[in-house]
Every structure is written in structure tokens, then in C-alpha cells.
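Student: Here you go, one structure.
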Amino acid sequence: MRKDGAIARDLRVNEMIRIREVRVIDDEGQQLGVMPTAKAFELAQEKGLDLVEVAPTAVPPVCRILDYGQYKYDLQKREREAKRKQKSQTFKEIRMRGKIDVNDLRTKVRRAGQFLEEGDRVKVTVQFRGREMSHANLGRDLLLRAAEMLTEQGTVERQPLLEGRSMHIVMAPLEKRAEKKTGTAEQHNGADAPAVDGGETIGDAVAAKVPQAGAPAETSKPAEQG
């Protein structure tokens with residue numbers, strides 16, 4: 001049988017099959033073996049069904065006895081469902097600063113995990129300001145740490161990418177995930193933030209290395225989209 005979403009119009013049916021012998025599979029999936037094509041036609045007609053060539057490159061070609069109209073309908077239905085599912089998967093974004101503190105990081109990661117659990121793709125972005133651009137590698141480390149904290153909810157679809165004054169990764173939800181208790185996911189998302197020299201967070205390292213020209217460090221939370 002063709003895979004979901006395949007187009008059936010290129011299949012040869014009944015009188016369009018010109019080969020002398022074919023391997024036949026009946027409407028119940030039973031192998032009937034190799035036989036003359038004319039005999040295969042007769043078997044299909046006795047059941048009021050069609051003889052459809054489903055593997056033309058096999059030697060001999062493989063045909064199935066089935067209701068071709070119903071077969072096409074089922075294929076088109078599965079194709080529509082697949083497209084609908086693909087369109088319904090929205091794209092969310094989580095934004096953070098390189099100087100994000102531990103609690104804010106946990107909150108952001110938890111929110112991203114919720115989006116992934118709901119089937120959404122998530123773009124996690126670190127925004128840089130001023131001289132923070134010279135420490136873009138710390139933003140990369142922060143993104144990878146966030147991805148590590150989300151391994152039970154999603155997988156990295158796109159590795160850290162620097163665009164202008166921001167860097168981001170894209171995460172996709174896991175297609176097949178075992179049922180988990182809600183508490184397990186929350187416990188995982190609450191894991192400790194990444195630490196660098198002397199137990200500082202990545203945000204602390206950036207704040208310590210980047211002079212603020214006499215201005216106090218910014219503490220406002222970055223916006224979340226979605």
C-alpha cells in the first residue's frame with residue numbers, strides 16, 4: 001500500500017495493467033501468489049472490486065484487490081488530516097536577556113515546556129544590548145542549557161543562530177512521548193540554572209564583564225510572545 005498522503009492517480013487499475021503476470025494480494029491482505037493478470041482480473045470482478053497495481057517496479061509487479069474509489073477516498077482523507085495537523089501547529093517565542101536570573105530562567109523554561117507539551121514549536125531567543133554582543137558565546141551557552149532543561153518536552157530543531165543583535169534556537173515537540181505525571185515535568189523544568197566561574201550564572205558573568213556606563217543593571221523581564 002502507498003504511504004499516507006500519496007497520490008493515487010498514478011496507480012494502474014484493471015484494464016490499464018498490461019503485464020502478463022502479477023503477484024496478487026487480496027482484499028483481506030492475504031498473499032495469493034503469482035498468477036496471470038487475466039485470472040487476477042476475474043478474482044477482483046468476483047468480489048465486485050478492482051485490481052490495482054501498487055508496486056510496478058517489483059518483479060513481477062504487485063497488485064491488490066480492493067475498492068479503488070474507497071482507497072482514493074481514504075488516501076485523500078489522511079492527506080487532509082495531515083495538512084490540517086501541520087497548519088494547526090503554531091509557533092511560539094520565548095525571549096530572554098543574557099543577564100537573566102535563575103528564577104526568571106526557570107519561569108521561561110517552564111513556559112516553553114508548556115508550549116511544547118501543547119504541540120507548538122518554540123523559538124527561544126536571547127537578546128543582546130550594547131557591549132553584550134562581545135559575549136555572544138554566553139548567550140549560546142544559555143540557549144543550550146535551556147534546551148537541555150527541555151529534553152523531556154522537545155528536541156532542538158535548529159541549533160543556536162546569531163541574527164543581528166539576538167541569538168535563537170528552535171525547538172519542536174516530541175512526536176512520541178510517554179505519558180508523564182505533571183509533577184515530573186515541573187520538577188525537571190525547575191532544574192538549576194547553568195553555572196560558570198565560582199558558581200555564578202551565565203547572566204551574572206555577562207553583568208560582571210560588561211560595564212554599564214554608570215547605569216544600574218536592567219532587571220525588567222523580557223517579553224514573552226505567544
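None of the figures in this text is laboratory data; all of them are computed from the coordinates on show. Please read all numbers here as calculations on a predicted model, not as lab measurements. Neighbour counts run over all protein chains shown; Cβ positions are idealised from the backbone, glycine included.
Student: Report ³J(HN,Hα) in whole Hz for each residue of the range 122-130, in order, from the Karplus equation J = 6.51 cos²θ - 1.76 cosθ + 1.60 where θ = phi - 60°; Gly and Pro get x.
Tutor: Values per residue, Gly and Pro as x: 10, 9, 9, 10, 10, 9, 10, 10, x Hz.
Student: List, in order, the whole-Hz ³J(HN,Hα) value for each residue of the range 45-52 obtained from phi through the Karplus relation with A = 6.51, B = -1.76, C = 1.60 and θ = phi - 60°; use x for Gly and Pro.
Tutor: My calculation for the range 45-52 gives 5, 4, 8, x, 10, 10, 9, 10 Hz in order.
Student: Full-extension gain between Asp27 and Arg129, please, as 0.36 nm times their residue separation minus the C-alpha to C-alpha distance. Spell out each step's value before the answer.
Tutor: Working: separation 102, 0.36 × 102 = 36.72 nm, distance 6.58 nm.
Stretched out fully, the Asp27 to Arg129 stretch lengthens by 30.1 nm.
Student: Still on this structure, I have one more. List every residue whose amide H lies under 5 Å from the amide H of Arg121, counting only residues 5 or more places away in sequence or on a different chain, with H placed 1.01 Å from N in the peptide plane.
Tutor: Thr90, Lys92
Student: Next question, about the same structure. In whole Hz and in residue order, list the ³J(HN,Hα) couplings for the range 137-150 that follow from phi through the Karplus curve 6.51 cos²θ - 1.76 cosθ + 1.60, θ = phi - 60°; x for Gly and Pro.
Tutor: My calculation for the range 137-150 gives 4, 5, x, 4, 4, 5, 5, 5, 5, 4, 5, 5, 6, 10 Hz in order.
Student: Report, by chain and number, residues whose modeled amide H sits under 5 Å from the one on Asp27, excluding near sequence neighbours (fewer than 5 apart, same chain).
Tutor: Ile65
Student: Determine, for each peptide in 158-169, 116-127, the mean count of other beta carbons within 10 angstrom over its residues, then list the peptides with the highest first. Don't skip to the answer; put the middle values down first.
Tutor: Working: 158-169: 14.8, 116-127: 19.9.
The most tightly packed comes first, giving 116-127, 158-169.
Student: Report, by chain and number, residues whose modeled amide H sits under 5 Å from the one on Gly98, excluding near sequence neighbours (fewer than 5 apart, same chain).
Tutor: Under 5 Å from the amide H of Gly98 lie the amide H atoms of Gln127, each far enough along the sequence or on another chain.
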